[in-house]
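Visitor: Take a look at this one; I'll ask things after.
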Ligand SMILES: [Zn+2]
């Protein structure tokens, strides 16, 4: 188990476009494992490789539903439907939250750690997590698109 350091705003790496993974090597698989370890340690529901300083198109997501841990290499949103509006946070922006409009349902295609093509359809929180993490691969943070960003207390309540 290896927990990596999570990069915080305003680190430049969070604003860059990540590169496609061309070859799935043991190192790529190790990065995925470390990303999941780091996400669970930080009690997050998703993490993108740039958040640990690696500009490669890789994400991990686990919203605590029946899918469990989802690892995706070169993920792409292939369809998006509906709309949801609600609070969102980011492990790279501790102490803040924002209200973000997202698609209600997305279908995402990518490769698993063995290079096999996989597709997931998620709604609500899972859809939100996919969109948030894939945005990271394009250098976009939720604060770039939120309608409102606000500070929260350590308990997760909005600060007065
Ligand atoms: Zn984030």
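The values are calculated or read from the model by the stated rules, or taken from the named source; none is laboratory data. Predicted, not measured: the structure shown is a model, and the values here were computed from it. Neighbour counts are summed over all protein chains in view; Cβ atoms, including those assigned to glycine, are modelled from backbone coordinates with ideal geometry.
Visitor: How about the range 77-93: which of its residues are under 28 Å from residue 5 (Cβ atoms), in a strand (DSSP E or B) and touching a helix residue (DSSP H, G or I) at 6+ places or on another chain (Cβ under 8 Å)? First the steps, then the outcome.
Guide: First pass over the range 77-93, keeping only residues under 28 Å from residue 5 (Cβ atoms): 87-93.
Filter again for in a strand (DSSP E or B), leaving 87-88.
If the condition is that a residue be under 28 Å from residue 5 (Cβ atoms), in a strand (DSSP E or B) and touching a helix residue (DSSP H, G or I) at 6+ places or on another chain (Cβ under 8 Å), then 88 is the only one that fits.
Visitor: Now, a different point. Take the range 18-44 and flag every residue that is buried (at least 20 other Cβ atoms within 10 Å of the Cβ) and in contact with a helix residue (DSSP H, G or I) (Cβ under 7 Å, 6 or more places away or on another chain).
Guide: Hits for the range 18-44 are 18, 31, 35, 38.
Visitor: Within the bounds of the range 109-124, is there any residue that is surrounded by 19 or more Cβ atoms within 10 Å (Cβ to Cβ), within 26 Å of residue 25 (Cβ to Cβ) and within 16 Å of the ligand (Cβ to nearest atom)?
Guide: Initial filter on the range 109-124 (surrounded by 19 or more Cβ atoms within 10 Å (Cβ to Cβ)): 110-111, 122.
After this cut, where a residue has to be within 26 Å of residue 25 (Cβ to Cβ) as well, the list is 110-111.
Checking the rest, the ones that are also within 16 Å of the ligand (Cβ to nearest atom) come to none.
Checked the range 109-124: no residue is surrounded by 19 or more Cβ atoms within 10 Å (Cβ to Cβ), within 26 Å of residue 25 (Cβ to Cβ) and within 16 Å of the ligand (Cβ to nearest atom).
Visitor: Among 145, 73, which is modelled with pLDDT of 95 or more and surrounded by 21 or more Cβ atoms within 10 Å (Cβ to Cβ)?
Guide: On the way: 145 fails: surrounded by 21 or more Cβ atoms within 10 Å (Cβ to Cβ).
Of 145, 73, the one residue that is modelled with pLDDT of 95 or more and surrounded by 21 or more Cβ atoms within 10 Å (Cβ to Cβ) is 73.
Visitor: Right, here's the next one. Checking the structure you have, find out if any residue of the range 129-149 is away from the ligand (no atom under 11 Å from the Cβ), part of a strand (DSSP E or B) and free of Cβ contacts under 8 Å to residues at least 60 places away in the same chain.
Guide: Yes - at least one qualifying residue is present in the range 129-149.
Okay, residues lined up against (1) over 14 Å from the mean Cα position of the chain (by Cα); (2) under 18 Å from residue 62 (Cβ atoms):
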{"position": "117", "(1), (2)": "yes, no"}
{"position": "133", "(1), (2)": "no, yes"}
{"position": "140", "(1), (2)": "no, no"}
{"position": "147", "(1), (2)": "yes, no"}
{"position": "151", "(1), (2)": "yes, no"}
{"position": "154", "(1), (2)": "yes, no"}
{"position": "157", "(1), (2)": "yes, no"}
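Visitor: While we're looking at this one, here's another question. Select, from 70, 54, the only residue that is touching a helix residue (DSSP H, G or I) at 6+ places or on another chain (Cβ under 9 Å), within 16 Å of the ligand (Cβ to nearest atom) and free of Cβ contacts under 8 Å to residues at least 40 places away in the same chain. If you could, list the steps in order and put the result at the bottom.
Guide: Values: 70 fails: free of Cβ contacts under 8 Å to residues at least 40 places away in the same chain.
Sole residue among the options that is touching a helix residue (DSSP H, G or I) at 6+ places or on another chain (Cβ under 9 Å), within 16 Å of the ligand (Cβ to nearest atom) and free of Cβ contacts under 8 Å to residues at least 40 places away in the same chain: 54.
Visitor: Answer yes if at least one residue in the range 94-103 is in contact (Cβ under 8 Å) with a residue 12 or more places away in the chain and in a helix (DSSP H, G or I), and no otherwise.
Guide: Scanning the range 94-103, I find no residue that is in contact (Cβ under 8 Å) with a residue 12 or more places away in the chain and in a helix (DSSP H, G or I), so the answer is no.
Visitor: In addition: If you scan the range 116-143, which residues turn out to be out of contact with any strand residue (DSSP E or B) (no Cβ under 8 Å at 6 or more places or on another chain) and over 12 Å from residue 88 (Cβ atoms)?
Guide: 116, 138, 139, 140 - these are the residues of the range 116-143 that are out of contact with any strand residue (DSSP E or B) (no Cβ under 8 Å at 6 or more places or on another chain) and over 12 Å from residue 88 (Cβ atoms).
Visitor: Based on this model, can you work out whether residue 94 counts as surrounded by fewer than 16 Cβ atoms within 10 Å (Cβ to Cβ) and under 16 Å from the mean Cα position of the chain (by Cα)? It would help to see each step written out before you state the result.
Guide: Details: surrounded by fewer than 16 Cβ atoms within 10 Å (Cβ to Cβ): yes; under 16 Å from the mean Cα position of the chain (by Cα): yes.
So residue 94 passes the test.
Visitor: Considering (1) surrounded by 20 or more Cβ atoms within 10 Å (Cβ to Cβ); (2) on the phi > 0 side of the Ramachandran plot, say which one residue 64 fails and leave the rest.
Guide: (1)
Visitor: Sticking with this one: Scan the range 26-38 and give yes if some residue there is part of a strand (DSSP E or B), within 13 Å of the chain's Cα centre (by Cα) and either modelled with pLDDT under 95 or within 16 Å of the ligand (Cβ to nearest atom) (or both), otherwise no. Let's see the steps before the verdict.
Guide: Narrowing the range 26-38 to residues part of a strand (DSSP E or B): none.
Within the range 26-38, none of the residues are part of a strand (DSSP E or B), within 13 Å of the chain's Cα centre (by Cα) and either modelled with pLDDT under 95 or within 16 Å of the ligand (Cβ to nearest atom) (or both).
Visitor: Ok, one more. Any residue at all in the range 78-87 that is surrounded by fewer than 18 Cβ atoms within 10 Å (Cβ to Cβ), within 16 Å of the ligand (Cβ to nearest atom) and farther than 14 Å from residue 32 by Cβ?
Guide: Looking only at the range 78-87, we keep the residues that are surrounded by fewer than 18 Cβ atoms within 10 Å (Cβ to Cβ), and these are 78-87.
Next cut, within 16 Å of the ligand (Cβ to nearest atom) only: 86-87.
Remaining after also requiring farther than 14 Å from residue 32 by Cβ: 86-87.
Yes, the conditions are met somewhere in the range 78-87.
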